[in-house]
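The values are calculated or read from the model by the stated rules, or taken from the named source; none is laboratory data. Keep in mind the model is a prediction, meaning the values are calculated, not measured. For accessibility, only protein heavy atoms count, side chains too; no ligands or nucleic acids. Shrake-Rupley method; radii C 1.70, N 1.55, O 1.52, S 1.80 Å.
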Amino acid sequence: MRPIIEFCASNMHHGTDKVMKNLEQNPDFDVIEYGCLGNCGQCYMEPFALLNGEILAAESADHLLARILEKIKEIEAMYDLFGD
């Protein structure tokens, strides 16, 4: 299972552009940038991304990257336990 990580171009002022570029380095991740993800209130307030459709947000871009990577590890562990 390849994680799908989606970013909003309008959220890049929070530093999520660096998070996106970091994650794009991993060929096992599908990283997508959209002009808008429809979460305008959240987009204005804090860094966020969607991971497999689930909103992940944090107080900083660095914390967002850590949350995304942590959540991916949790998902991988579940697949290891229960399979596809």
| What angle do you read, to the nearest 10 degrees and between 0 and 90, between the alpha-carbon axis of helix 61-82 and the longest principal axis of the chain? | 20
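Taking the chain, how much of its Cα-Cα pair set, in percent, is spaced more than 17 angstrom apart?
Working: 1430 of 3486 pairs.
Tail fraction, whole percent: 41.
Computing the accessible area with a 1.4 Å probe over protein heavy atoms, can you report the carbon and sulfur percentage for the chain?
53
Please work out the average accessible area per residue across the chain, using the 1.4 Å probe convention, and give it in Å². Mind dumping the intermediate values first?
Values: 5170 Å² over 84 residues.
Normalised by residue count, the accessible surface of the chain is 62 Å².
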| query | Taking Cα centroids, how far is the stretch 17-42 from the stretch 46-84 in Å? | reply | 12
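With the contact rule set at Cα under 8 Å and sequence spacing of 6 or more, what percent relative contact order holds for the chain?
Details: 111 pairs, mean separation 27.5, N = 84.
Answer for the chain is 33 percent.
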